[in-house]
Every structure is written in structure tokens, then in C-alpha cells.
Amino acid sequence: MATLQAHNLILSSTTAAPPKQHGWRFKASLHNRSLDAQKLKNMLSMQEFRIRELSSNIIINKPRTISADTEVDMLVVYKLYAIAEAAGDRAEMHKIIGEQRNNWNTLLLNSINSINLIASIMAGLSTITMGDQSPHFLAFKLSSALLFTAATSMMLIVNKIQPSQLAEEQRNATRLFKQLERSIHTSLDQLKSSTFTPTELDVEEAMEKVLALDKAYPLPLLPGMLEKFPKNIEPTVWWPKIQTRRRSSSAQDGIMWNKEFEEKMRGLLKVLKEKDEEQYVWHGNLFVKINKCLAISGPLLAGIGAVGAGLIGTPALGQWPVLVGVMGGVLATIINTMEHGFQIGMLIEMFRNCAGFYRKLEEEIIEFNSEESCQEDMELFELKMALQLGRRVSELKGFVSYASPLANGAEFQGFAGKLF
């Protein structure tokens, strides 16, 4: 825009016809104006160039200063920044939806409990009215039956979607997408020291991680929602099945694992499989069965309460319909509070994710074992593994005795991980 204004200024100054009087003065003035306009044009062009260069650096959040001996494809860098931005946006979306679904759980829990209790009170009040023909009796009876029916329908829907479990899914997705965003930025920060040269393989790997997270933690409720009552709990898998680990330059020496490190990793792998992952899968299956029983019995009791409220006033049944209505509503409230107040669905999702966390550690050990690793790589990998397990590096030596095929990981005192 500034360049265009300067250009228009030059045209207007050159096309204007000077008056006939004092021609030499006007010619000198025109010459001076042309020089001033040319200087202005050059200044504005330089300023515009600087603004464009600055804006391009701001867009990619990185300067274009790269060492001369390293050739970096800037398009690949742009793609990685785009993926990091998408991961950050996904994290924000999951955070917002997680808060919304957590509010669903609280709101629906309180609403259903209130409806059940009010329906039970109305069923009890219907017995103190002045006979079957009283308008108060009919009003209490119908209102109680309708409220019980509404509570039954709402409980069926809520037990199907499990809002507390949905909220836990979004919380985990938020954390993992933020972790992915940070890892991409950490890799790109190494461009300054020329220790990282991004390639299309890095872009493909980052894309696969985003798609794996989308599959493990879907955003849409219907369709695409994860099964809430599976027959068998499986650990959550939020990483690509095929990962490509970058070998460091020092790994080209061909130094393989030493014996001590290999025994530590084999023993750790056995304990992770036989104890840590297994315990969370077992607890997950147990709580799925408990949640299924609660999800069935809650609406069933509310439905029985609705039937009892509808039969109030039947002479052949006496006071039994009132008792069934009141007790059905009270028990349905207790069951609903146990299921959603204690957030059984959230516990199931937590067990699935903890099992997935240890499954991921197992795959990292197996993948690391399949590569040529130098001493520096082994020390760094051992440190990362100890941090993820919540242990000291020296404590990993305790797993050496379980490296033998005859050793049983179930005999290990405690569990490999101390964080979960």
C-alpha cells in the first residue's frame, strides 16, 4: 500500500503540467520533487521489505538463521509448525469439551436425584388425601408416575454415555496433545544449534501421532463414541503402531547393549507385563462389571417406582403400590449416586489409560532393543525410563534378577511403576 501511494505520488507529480510563467523554477521544483519522491519510494520499499521479513519470521516463530553447512527445507519446518499449531488447537478443544461433559455429569446427577426424591414424596403424599376422588390424590399420583418415567428415561441415556468417563477421556486427550505440541517445538528448537534437520519423515511421524490421538480420544459423541461397557478392557493406545526412532550420530559406531543394561530392561519388561499392566486391566474389567450392574439396576428401580405410583389407589393392592413407589425412588437415587457421584466411568477410563501407559513403555523397550544403541543412548534411555516409572536410575538394577526366563514377575515386591 505504501509503495502504491509513492507510485501515485510520482505519477501525479510528473503528469501535472507546469505553468508557462517562471518555467525554469517549476522545472527545478519538479526535478526536486521527483528526487524526493524517488527517495520516499526507496524508503517505503525498504520498510515494506523489513515488515514482510519480520512477519514471515513471526509466522513460523523462528528466524531464518541456519548454519551454512546444514541445508534445511523450510517447507518441512512450516509443516511441523502447522502440525504443532493443530495439536495445540486440539488440546484446547478437548479441554473445553471436557469441562462441558464434566458439567453434564454434575447437572444430570443432581437433576435425576431430585426428580426421584420428589416423585417418592408425591407418592407418599397421595396416601394422606381424602379418598380416591380427591383432586389432590389424582394430581399427586399422576405427577409421581410422570416424574418416575422421566427419571427412568434420563437414567437410561446418562448410563449409556457415561459423562464422567467422557470427561476423563477429554482430560487425557488434552494432556497428550499438549505433550505432542511441546515435543515438536522442542525438536524445532534444535535448529538453532544445527543438531536437528527435519525431513518429510518427521512430518509423517507427527501426523501419525495426531491421527492416533484422534482415534483414541474421539471428539464427537454420536457417532464415534468409545464403547462404555466392553466385554474385556484393552489398554488405550494413543501412539502409532509403527514408530521410527531417530538414531543419533554416535549410534553409528555399532556399540550394542551391554549385558547389565540388557538384563535390566528384560527384567523391567517382564514386570511391566505381568504386574503393572495386568493389575489395571483386571481392575478395569472389575469396575466395568460393577458399572454395568449399577447402570441396569438404577433405571429398573425407577421404572418399578413409576409402576407403583401408577397403581396407587387400587383397592386390591392396598398400600403396596405406595411402598413400592417410595422405595423404588429412594433406591434409584442411591444407585444413581453410587454410579455417577463416585464416577465409576471415570475410574474405568483411568484404569484403561494407566494400562496403556505401561503398554507404551513396553513397546519403547522392545523398539529400543531392536536398534544399535551407543552408551550415550543407553544412559539417556535409562534416565527417561526411570523418570516415567517414578524411580531412581539406581533402582532399576533391582529388575536384573527377573531377566531369566524362569523368573516370575509376579514375585516382584510391589510394582514397577510408582506414579500410578
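No value in this document is a laboratory result; all are computed from the given coordinates. Not measured: the values here are computed from a predicted model. Every residue, glycine as well, gets a Cβ built from its backbone with ideal geometry; the counts of neighbours run over all protein chains shown.
Tabulated results
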read-out: Virtual spin-label span in nm between Glu208 and Asp73, 7 Å along Cα→Cβ; value: 1.7 nm
read-out: Label-to-label distance, nm, for residues given as Leu146 and Lys289 (7 Å Cα→Cβ offset); value: 4.3 nm
read-out: Cβ-defined net charge surrounding Phe412, 14 Å radius [Lys, Arg +1; Asp, Glu -1]; value: +2
read-out: Cβ-derived FRET efficiency at R0 60 Å, Thr314 paired with Arg392, nearest 0.05; value: 0.25
read-out: At R0 = 51 Å, FRET efficiency that the Cβ-Cβ distance of Trp282 and Ala139 yields, to 0.05; value: 0.50
read-out: Cross-link pairs beyond the 32 Å C-alpha cut-off, checked among Lys95/Lys384; Lys79/Lys418; Lys209/Lys270; Lys95/Lys397; value: Lys79/Lys418; Lys95/Lys397
read-out: Potential lengthening between Ile366 and Ile296 on full extension [0.36 nm per residue; Cα-Cα distance subtracted]; value: 21.0 nm
read-out: Protection proxy ranking of 163-172, 385-394, 304-313 - average other beta-carbon atoms within 10 Å, highest first; value: 163-172, 304-313, 385-394
read-out: Karplus-derived HN-Hα couplings along region 198-214 (A = 6.51, B = -1.76, C = 1.60, θ = phi - 60°), whole Hz, x at Gly and Pro; value: x, 10, 5, 5, 5, 5, 5, 5, 5, 5, 4, 5, 5, 5, 5, 5, 4
